[in-house]
Structures are given as C-alpha cells and as structure tokens.
Amino acid sequence: MGKVEYREQIHTFHIDINDHVNNAVYVQWLEVGRTRLLEAAGLAIDAMQTRGYLPIIVETWIQYRLPLSFPDTARIEIWVSEVTHVTAWLQFRIYSEATGKLVARARQRGVFIDAKTNKPYRLGPDDRAAFDAVLVEGEEA
C-alpha cells in the first residue's frame, strides 16, 4: 500500500485574516492523517489500546510553501518513513487540488507509550510488522 492519501475540503471557517488557510488547520489535518494511517495499518487507536499501548506526538515540523484558499481542496499524502521499537516518523505532503502544487510539507515523530504507566512502550515484532503496509523507507516529505 505505501502512502495513504485523503482529501480535506477547505471551508470558510478555515480561512484567517490573510485570506488563506490558517496554520492551525494544517495541524488538525495531520491529526486526521495519523488516524487514517493507523487504521490503514490495522492499528486503530482502540486496537493499540487493547494491545496495551498508545501513540503520542513529541515533535511536529511544518514548512508552508504556498497558501491554500477557499474554495479549494487539500490533497494530503501520509506515510511512515521509519519505525523503531519505540518511535515512528510520519511524513506528510499537502497539495492544492486546484493547481496540483505542493503547498506544505510536514513530519512528526511519535513515541509509543504504555497505556497504563505512560512510560515508553517497546513494540513487538507483530506491531512493527503492521507498519510495513504504510512504510516508505528513506522518503521524506
């Protein structure tokens, strides 16, 4: 499967005083993307919790290249570029559906924690293997 792709329609309430999508909206789209990516890997949040761990984001980086405005639709690609026993790197590319141009790139580092103790959780072989469906090693946003 590799990358997961989805679309987010731009609404008037996404637009800020500068007449483009507010930067906080991009962070919300990353959250939606993480959820879709985990589901595609068969690791929805409730499934992780049942297995005894949860993901948390410890780092977010976004580079805004071009503005997005209303009316348009954002086309978002997300994938995992690296998985270790305790962390995963997520990569994002956001495009304007109207122009096809890359408007933003982002990456996030997630850490897996024990659902009860909130301490780092070491993924087992089955959990790490689940990420293979969305792993694109070496490609960054």
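The values are calculated or read from the model by the stated rules, or taken from the named source; none is laboratory data. This one's a predicted model, so the numbers in the text were calculated from it and none came from an experiment. Surface areas here come from the heavy atoms of the whole protein model, side chains and all, with no ligands, DNA or RNA. Shrake-Rupley method; radii C 1.70, N 1.55, O 1.52, S 1.80 Å.
Using 0.36 nm per residue and subtracting the Cα-Cα separation, the extra length available between residue 50 and residue 87 on full extension is 11.4 nm. Between the C-alpha center of segment 120-139 and that of segment 1-67 there is a gap of 19 Å. Relative to the longest principal axis of the Cα atoms of the chain, the long axis of helix 23-40 makes an angle of roughly 40 degrees. Taking all protein chains into account, the per residue accessible area for segment 72-138 stands at 46 Å² (1.4 Å probe). Applying 0.36 nm per residue to the separation of residue 18 and residue 109 and subtracting their alpha-carbon distance, the gain on full extension is 29.8 nm. At a 1.4 Å probe, what is the % contribution of carbon and sulfur to the accessible area of the chain? Ligands and nucleic acids excluded, carbon and sulfur give 48 percent. Based solely on its DSSP helices, what 222 nm [θ] is calculated for the chain when runs of n ≥ 4 H residues each add -39,500 (n - 2.57) and the sum is averaged over all residues, nearest 500 deg cm²/dmol? When only DSSP H runs of four or more count, the value is -6500 deg cm²/dmol.
Dividing the Cα radius of gyration of segment 1-84 by 2.2 N^0.38 Å, with N the residue count, gives 1.25. Altogether, the Stokes-Einstein calculation at 37 °C and 0.692 mPa s, with the Kirkwood radius of the chain over Cα pairs as Rh, returns a diffusion coefficient of 210 µm²/s.
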